[in-house]
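Values quoted throughout were computed directly from the atomic coordinates according to the rules given, and no laboratory measurement underlies them. Here the structure is a predicted model, which means the values were calculated and not measured. Here the Cβ is made from the backbone with ideal geometry for all residues, glycine too, and neighbour counts use every protein chain on show.
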């Protein structure tokens, strides 16, 4: 029986035994995991069916057609999108069996403890230290921009265990129990007033060596596994034409006097560019399915970030006097897991500034496109071979 | 491939299924064959020789192209054509653009589309096989916005007569027939008919000649008349032409961009390859983003056209037609910039790409005109 038939049979059986309309989401996700439909490319028993990752999108699409709740993919995105693949590659059986299922059912939320005040684009410069003590590690440092930390049970943590090595070589990776003593999570309010992110202070936090992923000193390559996994696990998601930020721009335009021809042309330029980006995502998804991925798969994040800023800025111009206001003011709140916030054009406008910083700044992405896709020579790297502790900072 | 259709929803619209945005093995082979042919037969040296002549046309080369079946691609098989789809034609246009080849394929595909959709049975049966064989070269006089053009039709005792002129007619120098719109339908008129004159214009882009076609008391009769409204005839030519031009522009942009990238790897200043400087690297990276975005729209428009999806064509064509020439003009301009002084010289090829792309931003309608059309379709403006 080929992969496709096995997957379709498993989906049919899942939907028959657990109708999405009458099954609580958490129970459905548990059954989905047990049926091997959480991550079809995982082995049987680990939430998968041992199939090719290119079938992920098919599963998401069929479950979507059956109106199954798939909000876990978004709400526990760090775990399901990035953590699962990391555990699969680097954790032992016992750890996988303990952690994967409650991750998928959202009983346990995950966060990623990578960035630090001194390690943003230059992630390998991170300074949080882990010092061995018997079969434990003692961790001290500060992490920042940690999505979901305030509701997380587990964190994916990269630490420096050997400052005498050059920066990429002295790192070690752990799974951190966020309930541990010495973990202090504080909300980090952004320019919209909301706190989507947190600062996480780690003071003499004890981690069992059993929670280490990969070898001591191999943390960089484990971290790369984490970052590479995101798109694979979530599957190609191509928005409908005219949705997203451009829909807000169109709505604002239609509510306006729309008598400004220059602005009308600007709206259409942005609409065309949004459609071009959408078609490029569609093309990338077709190419991945066909097994012939090309540069179109690497340009979308950069394009989207820059376009989203342009569109949300345009919308404020269309709003005119309302573009001077912040409806509801700046409430210093933190989002919860089950509330879907109402987002105003003003909030979108402000939030968009982060698009070209988070998940790789536009400048770093241009370096990556230039060097890895176009093959241009790299920047000189002055700290590459120096022991980390000797690099000026 | 049975498992791929469900991955994404927007590929299914109306009755026909739009092809995925990847090349099939056959299309990839067609691309490779086209690239090899153009590389061997129309290298830059040949482009320069041809563009120095008023017609930029080589009969021998045209016959080689006919032997490859390019003129026949969009012609039904029972009329001497190859019966390929618009996607395959678009694949060839991307390669023509990459080579900046002075082949009158754009006008030929536009004329083919006009005959296919608006020709009488007799016109189709006589003219399409001749076009397919490379024996008849027909062009379409698509009115250019802002040009002081017009061809009047009047009835005389001896029959109908055409007077006036059409300017900026694409690849008309040396063509055997011209499609022209009048106040009373559109006509196919042989250029050797009494009263016809084709005067070459000095074109910004010497690889794509333009001409002014003059009509002085030119006799036409029912055999010359195309079926349907003249506006529809021109719209068919403009739509098909714009999609192929968009695909050609993807090739032009890709060719100029690749040239700039290679130069940035070898040109050294301040002791480093200039491509290692972020000011240069980021420019080329941004151009890659825009190039791939343009390519997606050009491919999509060709696929919409291929399945005659009228609703999708109404959106996809103005999207590609407004974006691709402008993108190519920007990228080819950046290619000159990255090349620096040498890129501004006549002997360097960078200007050939830049001129081809710059002319394309006006050739079949400005970006703004296409966006107006899109705005009307979407009921946005």
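Annotations for the structure displayed:
- Computed over chain B: relative contact order in percent, which uses C-alpha pairs under 8 Å that are six or more apart: 17 percent
- Calculation over all alpha carbon pairs of the stretch B:22-78 in 5 angstrom steps from 0 returns a P(r) of 4, 15, 20, 23, 18, 11, 6, 2 percent.
- Anisotropy class of the stretch A:1-112 from Cα gyration tensor, a/c 1.5 cut: oblate
- Size of the stretch B:230-381 from its Cα atoms: along the principal axes, largest to smallest, the extents are 59, 28, 27 Å.
- Cα gyration tensor shape of the stretch B:125-229, rounded if a/c is under 1.5, else prolate or oblate by comparing a/b with b/c: oblate
- Diffusion constant of chain A at 10 °C, which comes from Stokes-Einstein with the Kirkwood Cα-pair radius and 1.306 mPa s, µm²/s: 69 µm²/s
- Based on Cα contacts under 8 Å between residues 6+ apart, the stretch A:61-202 shows a relative contact order of 19 percent.
- Per residue of the protein assembly as shown, the DSSP helices (runs of n ≥ 4 H) give a summed -39500 (n - 2.57) that works out to -14500 deg cm²/dmol at 222 nm.
- For the stretch A:286-393, alpha-carbon Rg over 2.2 N^0.38 Å: 1.52
- Structural size metrics of the protein assembly as shown, computed from C-alpha coordinates, are Rg and Dmax of 30.3, 111 Å.
- The stretch A:26-79 - Debye-derived log10 I(q)/I(0), Cα point model, q = 0.13, 0.14, 0.22, 0.30 Å⁻¹: -0.28, -0.33, -0.84, -1.32
- Partner shielding of A:298-304 amounts to 4, given as the average count of beta-carbon atoms from other chains within 10 Å of each residue beta-carbon.
- Label-to-label distance, nm, for residues given as residue A:243 and residue A:13 (7 Å Cα→Cβ offset): 3.1 nm
- Choice from B:237, B:316, B:40 showing the highest fluctuation, given a GNM over chain B with Cα pairs closer than 10 Å: B:40
- Each label was represented as a point 7 Å from its Cα along the Cα-to-Cβ direction; for residue B:145 and residue A:140 these points are 6.9 nm apart.
- Average partner coverage of B:18-27, which counts Cβ from other chains inside 10 Å: 4
- Alpha-carbon Debye profile of the stretch A:146-293, log10 I(q)/I(0) at 0.10, 0.17, 0.19 Å⁻¹: -0.64, -1.05, -1.13
- Computed packing ranks the peptides A:45-58, A:64-77 as A:45-58, A:64-77, most packed first, by mean other Cβ atoms within 10 Å.
- Histogrammed with a bin width of 10 Å, the alpha carbon distances of chain B distribute as 5, 23, 33, 25, 11, 3, 1, 0, 0 percent, first bin at zero.
- Counting all C-alpha pairs of the stretch A:239-323, share separated by more than 16 Å (%): 54 percent
- Highest-MSF residue in chain B out of B:233, B:180, B:151 [GNM, Cα springs under 10 Å]: B:151
- Backbone N under 16 Å from the residue A:262 label point (7 Å along Cα→Cβ), restricted to the stretch B:364-381: none
- GNM result for chain B, Cα springs below 10 Å: residue of B:186, B:166, B:145 fluctuating most strongly: B:145
- Shielding value for A:47-60 is 1, the average number of Cβ atoms from other chains within 10 Å of each residue's Cβ.
- Estimated distance in nm for a label pair at residue B:40 and residue A:122, the labels positioned 7 Å out from Cα along Cα-to-Cβ: 5.3 nm
- Over chain A, Cα pairs under 8 Å with separation of 6+ residues give a relative contact order of 14 percent.
- The stretch B:172-280 shape via C-alpha gyration tensor axes, a/c threshold 1.5: prolate
- All C-alpha pair distances within the stretch B:241-282, sorted into 5 Å bins from zero, spread as 6, 22, 20, 15, 11, 10, 8, 5, 2, 0 percent across the bins.
- Three principal axis lengths of the stretch A:109-223 [C-alpha, angstrom, descending]: 41, 28, 20
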